[in-house]
Amino acid sequence: MTALTLPPRRLRDPHGLTWSVLRVHRTALWVWAAVVAAGVGGLLWSYRQATGNAGDGLPLDDFAGLRLAGSAILLLPPVVAAFAGGALIGRELENGTAALAWTQSVSPARWLAAKLAVPAVALTAGMTVLTLLFRWVWTSGTSGAAPGWYEKDVFFAGGPVGLAYVLLGLALGALSGLLMRRTLSGLGFASFATVLVHFTLVTFRSRLWPTTRWTGFEAARLPASADRIEVGLVTAAGKPLSGTQCNMDAPREFEQCLRDMGAADAYAVVHPASHYWPLQFVESGIVLALAALACVAAFALLRRRAA
């Protein structure tokens, strides 16, 4: 009889590859856990510094710590992309460890799925904790000192769009690693691609949802919660007077300001606070769609190269 040679148990086990990924990249996972822990500690410290020792219900007057946390979270997608393009995919292709795994009853598609699924779960869990805590600290204040929802770091860290960008970084990193097949090349290209997508969508963010146009005294007294896209005056013929506006405290003073300026009305094109969640969901949907396309492209490229 001819003895059957079976692949190692950890590779025949459907969960064996997952544990293999966890073991190989345990240092990165510990670093991510430390980042999340540091973020939680920093946000809690920010809340305590802002509210003092008097307890809940006091307005938050100092959001420096919150802004710092938001800026730090904003840097996560390119860092994740660099890791995915360099260490997660690029280094294993460059060193030949990926090809070795494919010869041990592990299909290329299964190998890539494990490489993406394990960090995706860890990133989703960590980002969910950071986002919820960030929103709690941000919305705890009752004073007008809180940063606006439309500010770049607050918009990113306070909603699902932050997680969407992190997952996009992971997907683009995997695709870059497969394209470049080198650690440094995959790292650099993945970071650049992620930053480029983020910069493009931030530039056109105000166009992702229809704006609201206010006129008259309402336009002159815009609330701080509104994201101002365009503000100005118009003549009786409808011609805009750029660079001028009336921001009065009373309707009578507002009307006098219009006469002084030779204007017939004031206008403001804004995103009110009610547009926050629509903008979050639309941008998140676009980013997740790009992430899905990157994943499909990565699997297609891997299938072609492994054939």
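The values are calculated or read from the model by the stated rules, or taken from the named source; none is laboratory data. Computed from a prediction, not measured in an experiment: that's the story for all the values here. Cβ: placed from backbone, ideal geometry, glycine included. Neighbour counts: every protein chain shown.
The table below lists the values:
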quantity	calculated
Options Arg207, Arg181, Arg135, Arg213: the member that is of a type outside the set (A, V, I, L, M, F, W, C), free of Cβ contacts under 8 Å to residues at least 24 places away in the same chain and over 20 Å from Leu22 (Cα atoms)	Arg207
Considering residues of segment 77-89 that are surrounded by 24 or more Cβ atoms within 10 Å (Cβ to Cβ) and within 15 Å of the chain's Cα centre (by Cα) only, the residue modelled with the lowest pLDDT	Ala81
Residue match in segment 142-150 (condition: within 30 Å of Ala298 (Cβ to Cβ) and assigned by TED's automatic domain parsing to the domain that holds Ala84)	no
Subset of segment 261-284 that is in contact (Cβ under 8 Å) with a residue 12 or more places away in the chain and hydroxyl-bearing (Ser, Thr, Tyr) - its residue that is surrounded by the fewest Cβ atoms within 10 Å (Cβ to Cβ)	Ser284
Qualifying position, being hydrophobic (A, V, I, L, M, F, W, C), surrounded by fewer than 18 Cβ atoms within 10 Å (Cβ to Cβ) and within 19 Å of the chain's Cα centre (by Cα), among Ala292, Ala236	Ala292
Checking Val231 against (1) in contact (Cβ under 8 Å) with a residue 40 or more places away in the chain; (2) surrounded by 13 or more Cβ atoms within 10 Å (Cβ to Cβ); (3) not assigned by TED's automatic domain parsing to the domain that holds Glu92, the condition it does not meet	(1)
Selection status of Ala164, of a type in the set (A, V, I, L, M), modelled with pLDDT of 90 or more and assigned by TED's automatic domain parsing to the domain that holds Val129	yes
Check on Leu222, in contact (Cβ under 8 Å) with a residue 12 or more places away in the chain and touching a strand residue (DSSP E or B) at 6+ places or on another chain (Cβ under 9 Å)	yes
Conditions (1) more than 23 Å from the chain's Cα centre (by Cα); (2) in a loop (DSSP other than H, G, I, E, B); number of the one not met by Trp214	(2)
The listed residue being at pLDDT 75 or above and among the hydroxyl-bearing types (Ser, Thr, Tyr), out of Thr5, Thr27	Thr27
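For (1) surrounded by fewer than 16 Cβ atoms within 10 Å (Cβ to Cβ); (2) among the hydrophobic types (A, V, I, L, M, F, W, C); (3) not in a helix (DSSP H, G or I), each residue gets a yes or a no:
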site: Ala109; (1), (2), (3): yes, yes, no
site: Leu133; (1), (2), (3): no, yes, no
site: Trp149; (1), (2), (3): no, yes, yes
site: Leu196; (1), (2), (3): yes, yes, no
